[in-house]
Structure formats: structure tokens, C-alpha cells
Amino acid sequence: MPVSIVVGGQYGSEGKGKVAHFLAKRLSAAVAIRVGGPNSGHTVVEDGQVHVFRSLPTASLIPGIHCAIGPGAYIDVDVFLKELSNPSISCDGVSVDPNAFVITEEDRERERKAALRPRIGSTLTGTGGAVLRRIERRDTSKRAADDPRLQPYVQPVGEIARRHLQQNCRVIVEGTQGFGLSVLHSSLYPHVTSRDTTAAGFLSEVGLSPLDVDDVTLVLRSFPIRVSGNSGPLPGEIDWNTVTRESGAEEPVDETTSVTGRVRRVARFDAEVVLHAIRANSPTRIVLNHLDYVDWRCRVEERVTDKAEEFVREVEWSTGVCVDWIGFEPESMYPRQKNTKQAVAL
């Protein structure tokens, strides 16, 4: 069955939103499903405009695609409704599964009282608190089906996906965060997120069978990041001044998180977490983003320079897999061809 899953191979912010949007277009997807919660923001650039989504799939900018939030998701209703008000939203219908779990102020307060930001670098969006409340099955628990603000959108997402799959239509599952943050499989516990972040975990949160999947995209970045503060180990950690200097960038390079706005930590490429991600996800496609951080001329000249090509070969040698697609601009991806000048616009 034609199900594609997009998964991160490091600690999040690998560019999954851009890739999911790209694949939805390239594979003519009929349905795009977002999992996870509002603790991760996915960015896509279309027609020069930057869009950040914390609830909706990035494919919601593409006309004709049905966009959905799965039963395993956690939803901040205010964030969701604000995203829906974006005039650029073009999708053909929006669904929220009745079992998606609604985040409340109680969940955010619980995270603040637990001092999760200073302890593990939490974004304090209430996602982890909602996971706890869902497991506890408390009387205050609220699913999407129970919230009147969501009633116009409540539909069983698994049934929608299955109906399209039976017609051999492509379904895209947009995963969140990265393998190195999995609460089940990362070696960095407790400095992890509150959910599993593997392709299998995402599929479970949607409610589809492993036999439905024929395509898994693992997204990597040249310089992995973690959120600021005490967010956990980051092998080979450097600073953004080093990235700026070594890349030859014409302007200072740094990144802030799309959720908290705080400056991210950054490190050199480390194969260990990627090797674990490959074993856990068995990807059929590898995307390597942020090659402009290796050589800024990639972005200026719209090509893969010799310096960047050497870096890609080192990544392939250290991980044992071939890189299929390369990214070094916010809005474009390039096929893995040396010195190609032909961009595939997103």
C-alpha cells in the first residue's frame, strides 16, 4: 500500500516539514497526516513566504490534498485554529481524529512545576503533560471529540486514510522531532521527548498497518542541533560562529527554535545516532539538508560545490548509506548529482 513516512535521523529540526511538503507534491499525495504535538514546528517556504506549522501538515499549502491530525496526536486548539486561519491554506478538507488529545493549561502548568525546561530543555508546550494525563485516564482528560471548537473537523483519520489507500492513493505521514529524542529508543534518556519518534511509532499514532508502508524517508542535517539549555548530550558540540567561519557565509549563521524562539545548540555531524536511526527505520530514501553550512557557496551558486560533495561522501562512508537528495536552501532540494545546477523547487 502506498504510505510514505518522513522521519528525523538526529535530534529534530532536520527539515522534515520541507521534505514532507516536497514529497506530497512529487508523489501526488491524496492525504497528509501530521502526528506529534505543538512542541515541534515544521517550516516550509512557498513563493518566498515562510510558513511554520505546529499542528497541520506542511502539505496543507498544497491544493487538493486532504490534511489530517491523527488519533495519537496532541493538539493545542488555539494553535490549530490560528493555523487554519492562514489564507495560504489550500488543502481539500481538514480532519482531526476524535481520539486526538487536547492540551490544556493544566498540562502546561504541570510541566512548569516539574521544572522541565531547566532539567531537560522542554519547550513547555504541554505535550508531555498531556501524554501523562492521557495515560493516567483522569476525569479531566479531553479528546478532540469532546471539544466543541473542533467539532467541524472531527472525523476518524484512519478510516479516511484507508479509503484512499484502497484506491491506491498516496498517503504521507509527517513525523516530528528526531530518532535521538525517542523516549523508547534513544540512549540519552531522560533528555528525550515524551513519545516514540520512529517510523513505526508514527504509524501507530495514525492507526495504519506496517504492511501499508512502502516508503520511508530519513531526513538528516549536516550540523545536528538540540534546543538550548540543559537539553542533553550533543557530541561534537561547537558554536554558530564556527559554522559561520568555516562555511564562508556572507552573514552570521544561527538558528532559533520555531516554538520557543531560543538559539539552538549546534554540533558537527556524528554518525552514531544516524546509524541507530537507520537500523530502527530501514529508510528507502535519505535526505541531507543544510549543506550551505558546509559551504555557503552552495546557496549562492545553486550547486553542490566540491567541498560540499566531499562532505556528502564522508557522510555516506560513515553511515553506509547513499544520500538521495540534498538541501541547501529553505525552499529547494536537489537530486544527488555532483555539481548539479537543476533545483527541484518545493
Amide H neighbours of residue 95 at under 5 Å, excluding residues fewer than 5 places away on the same chain, with H built from the backbone geometry, are 67, 68, 69
Which angle between 0 and 90 degrees, to the nearest 10, do you get for helix 306-319 versus the longest principal axis of the chain when only C-alpha atoms count?
-> 60 degrees
Pairs of lysine in the chain with Cα under 26 Å and at least 8 positions apart or on different chains: total?
-> 16
Mean Cβ-within-10 Å packing, highest first, puts peptides 208-220, 19-31, 164-176, 310-322 in the order 19-31, 164-176, 208-220, 310-322
Structure-based [θ]222 nm, the chain - -39500 (n - 2.57) summed over DSSP H runs of at least 4, per residue, nearest 500 = -8000 deg cm²/dmol
Check residue 173: other-chain or 5+ apart residues with amide H under 5 Å from its amide H, H built from backbone geometry?
-> 4, 5, 6, 33
Assign one of three labels to segment 104-229, namely rounded, prolate or oblate, based on the Cα gyration tensor with a ≥ b ≥ c the square roots of its eigenvalues; rounded applies when a/c is under 1.5, prolate when it is not and a/b is larger than b/c, and oblate otherwise.
-> oblate
Mind listing the long-range amide H neighbours of residue 285? Cut-off is under 5 Å, sequence gap 5 or more, other chains count too, H placed in the peptide plane at 1.01 Å from N.
-> 216, 218
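Please report the relative contact order for segment 3-345, taking Cα pairs under 8 Å with a sequence separation of at least 6, and give it as a percent rounded to a whole number.
It comes to 21 percent, rounded to a whole number.
Read-outs throughout are calculated quantities, based only on the coordinates presented, and are distinct from any laboratory measurement. Since we're looking at a predicted model, the values are computed, not measured. We place every Cβ from the backbone using ideal geometry, glycine too, and count neighbours over all the protein chains shown.
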